[in-house]
1. Using alpha-carbon pairs under 8 Å, 6+ residues apart, how would you state the relative contact order of segment 44-131 in percent?
2. Using a basic spin-label model with each label point 7 Å from the Cα along Cα→Cβ, how many nm lie between residue 78 and residue 127?
3. Calculate the FRET efficiency for residue 109 and residue 33 from the Cβ-Cβ distance with a Förster distance of 25 Å, rounded to the nearest 0.05.
4. What FRET efficiency comes out for the pair residue 717/residue 657, r = Cβ-Cβ distance, R0 = 25 Å, nearest 0.05?
5. Per DSSP helix of 4 or more residues, -39500 (n - 2.57); summed, then divided by the residues of the chain. What does that give at 222 nm, rounded to the nearest 500?
6. Which of the aspartates and glutamates could a cross-linker bridge to residue 111, judged by Cα under 16 Å and excluding same-chain residues fewer than eight apart?
7. Only one of the values [x] 119, 81, 57; [y] 98, 90, 63; [z] 128, 77, 59 was calculated from this structure for Cα extents along the principal axes in Å; name its label.
8. Could you work out the relative contact order of segment 891-995, using alpha carbon pairs under 8 angstrom and six or more residues apart, expressed as a whole percent?
Amino acid sequence: MKLSELSVRRPVTIVMMILIILLLGAISFVNLNIDLFPEMDLPIAAVIATYSGAAPEEMEELITKPLEAQMSTVHNIDGIQSFSARGTSIIAVMFNYGTDMDNATLEMREKVDLAQMMFPSEAEKPMVMKMDPNMMPVMALGFSSDMPAEELKTLIEEEVQNKLERIDGVASADIMGGAEQEIQVTVDPQVLQNYGLSIDSVVNALRMENRNVSAGDVAAGSKEYLVRVLGEFQAVEQVGDVTVATPQGVRLKLSDIADVKLTDKEVSGYITINGSEGIAVTVSKETDGNTVEVSRNVRKALEELQAVLPDTVEMKTLFDQAEFIELSINNLVRNIIIGGTLAILILLLFLRDVRSTLVIGTAIPISLIATFTLVYFRGMTLNMMTLGGLALGAGMMVDNSIIVLENIFRHRQEGEGLIRAAIEGSSEMANAILASTLTTIAVFLPIVFVEGLASQLFTPMAFTITFALAASLLVALTLVPMMSSKVLTVMPGEDYNPESSSRVERVFHKSQAWFDAVDAKYRDLLQWAINHRKTVVGITVGTLVLSLVLVPFVGVEFIPETDQGFYTVDITMDKGSRLEETEKIVAQVDKIIADIPETDIVFTTIGMGMGMGMSTDSGSDIASFQVGLVDLDQRERSTAEVVDEVRTKVEKIPGAEITVSAASMTSTMGGGTPVSIQIKGEDIAGLEPLAEEMVQVVSKVEGTREVKSSIEGGAPEVNVVLDRTRIAGYGLTPAGVANSIQASIMGTVATRYRTGDDEIDVRVRFSDSFRENLSNLSDLSISTPTGVQVPLEELGELEISEAPTSISRDDQERVVTVSSQIFGRDLGSIMKDIQERVDKEIILPDGYSIEYTGESEEMAEAFGNLTLALILAIILVYMVLAAEFESLMYPFIIMFAMPVTIVGVVLGLFLTGRSLSVPGFIGVIMLAGIVVNNGIVLVDYINQQRAKGLTREEAILKAGPHRLRPILMTTLTTVLAMLPMTLGIGEGAELQAPLGTVVVGGLTTSTVLTLVVVPVMYIILDNIGLKLRKKLRWDKGVGADATGGNIGLSD
């Protein structure tokens, strides 16, 4: 018993199966996590090593190179990059996609242990960690108040931070900005010198005085008591009462020789929120945490905190990833609903019967809900890719049901009963819809084998569409025949009366008249095409050639950027610039940003990095703006347009390097900047002029913005070159002298003052006036073990110099990177112009090389993999068709629908101004499986009619008009279901719009041309087969007649 017959004979069983599917799907949907993108498994790990005080050159030689040498022996490595800065070395190891990162990091740790044997003894043990996009904060909060800064920070630590870190799914809540208190003991170096004291004397005195000591046990009767001597400070005033002994034995109170006060710690930077100084809290989720769920829990906790925090504390959300995720997902769900509704309306217009429309309309929700079950058990989430797959499949889900119902309907019109029509009509179409479903699913198989970021993003989409189509096939073969046998009716056209009919009936009657006219016109067109086959082929080829002329006008890019309504402005001053100078530039930039009408919130960090990644740069010469814009529906300009205006204005500000960039999806995923050019060579002195020349070349290319080199200006520094012979003569050591200098300039935390549950640093330092004059450093007195004060200039020399702030290496070669943002042009065109200019204008010396990396490298790799996937998809489609028709020739007839899709693809991208990107390329692969479906239905029906004894031309002229309506229905439902996605309106729509544009354009033109081209190619190839058969004297074959024959494997 066939499946369709079983469904008709056992309706209760089918209903129960559908209810089970709906129940499981509903439960699965409730338990599915929501995120913006699928879980990203980036094959990157890093080794972070520290060697306090070492210059970049020493870090490179002593730490980086040994680590690189060991890391290069790890298996499955794709590349190694390193970054050596003062006291820090970071080695990033890129592995091939598919590598088991747990085993890889384990092997890296073993290699680190080997490399550490060559490290200096003072170097710390390196740390190995996997790179994870989840390390980035998912939310940032801002707090401002008129209360003292230290009180605000204490309040945030105790009330906000602790509560947030207890939330399920939150990994950490980190505080940035604010003030901390410390007890500063400020001494005058001249006073110390007069008494024969050093700063170390003061530090040691404080350490000895602030101690609780256990003195042992004493017995009293039958008990023993622990004796504790409580010597810790109980009040700030007690710090000033500490006595310091001079070499002459005189004991001085600390308050007599130093200024002791409780004050704020000295900071090199601070944070402002919309111009008011405040505190920021960044929230990071656990690796397996769900962004939306974590954000919702944090928001709930913040509502509870509002009742606890004083009214003077103002709280703002600086950014929240979940907001964009929710808006994007809701927008995509809305598109699915709109698209599905449009598809059902088209069905109603064609079928002119509510019952028939409901039979097919049930295919969409049931297939969707069934897909949720499969998505859940596959371990995927609801994200832009999986929901995008559902949006793409929403129109295709009814295709199988349309074909089955239309054939059942035709049997009913021929006078068959409900049961027989349902069984026979569905059985006749079973092979055709199975083949069309398999061809669509087959094109997604090669995508699974694609590597890189494209695979991470689009493999879940491929699975989702496959699940949806498989569910729709099951519905078409079970539920549709069963429901048709119960509710399908046939409207007799002769009963129509314009005067007594309702408005709906009149609309249906007019639509039927229009369909009849279209059928007649199509039959005439088909007759003309059969008689003018060469003209049809010529027109088709000409249209294809004309579309190819437009190809150069269609740009190429990696992945479309989504408008997240957020951008950053980074300011880098000359190395060593004072905070006051940085603040002047910040004020100018702040005014420019404030004048932008779309600005909603401005979060500024001055003197410190944002701390959103591994980089935690800080210093008085840097600043950063994090700017949030109003919602997309409240502004007319995109984030990219706003960024370009800000970029243009800040370029006029002298004295700083200012970069402006929109929040980027690809940078979060490791794609880098759009334009990134690496120049490799061992000599930094040779790399620098090449980098400057490259910057000039790239700057000339239209569409490039903020072209810069990774070579930064040297940081000014004072090198104290100690004379080991002299310091040994005074009984000193280099480490002792260095500690004295460090205590004099940075200050030394001598001890800590306990206040309840908190501890406050007690810092001993020279006055500010000492650090404001470089000559004071040479006069600094160093105390010898005998109490003699020796000026620093007696122990060595002071040299002023500039040193590189960092050294970058790629695959164990020194490298300089020239990078650029882009605007107004596609990445492919810009990179083409850059490469042409580089080849003409830059001459590389021996030993130097150039590599194009960043997004352009990712794009080239992704397009190469997807091209292979497209070729494999076409081969698989042919194999499925050959197996279905048991013929080697008929697949070629049907696949002639593929080349004509290029017309719609190119025209669609050209008219919408969109570039061909990875999502668009995925759409091209999808078309390889979709566009053949119409040809399958048409050719299958032609063969059925020829098997009944009709001549070839008669079969074509009958099959064409008969199959026209289901072909138009399936095409229109798919196109209209994807139309909301194609328009690209709303948050996150930019990512799916190119895919929708490609599919809608390609499917539309392919359908129009297929209705004519496929019948013509059927005759042409059939004639070729006839001639071959006559030549080879193949006289046998099914359907062989004077007009042609069947060219199948059985022949």
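1. Value for segment 44-131: 45 percent.
2. 2.5
3. That gives a FRET efficiency of 0.20.
4. That gives a FRET efficiency of 0.80.
5. So the helix-based figure for the chain works out to -16500 deg cm²/dmol.
6. Within the straight-line limit of under 16 Å, residue 111 reaches these aspartates and glutamates: 68, 102, 124.
7. Working out Cα extents along the principal axes in Å from the coordinates points to [z].
8. 33
We did not get these values from a lab; they are worked out from the coordinates using the rules stated. From a predicted model like this one, the values you see are computed outputs, not experimental measurements. Glycine also receives a Cβ, built like all others from the backbone with ideal geometry; neighbour counts cover every protein chain displayed.
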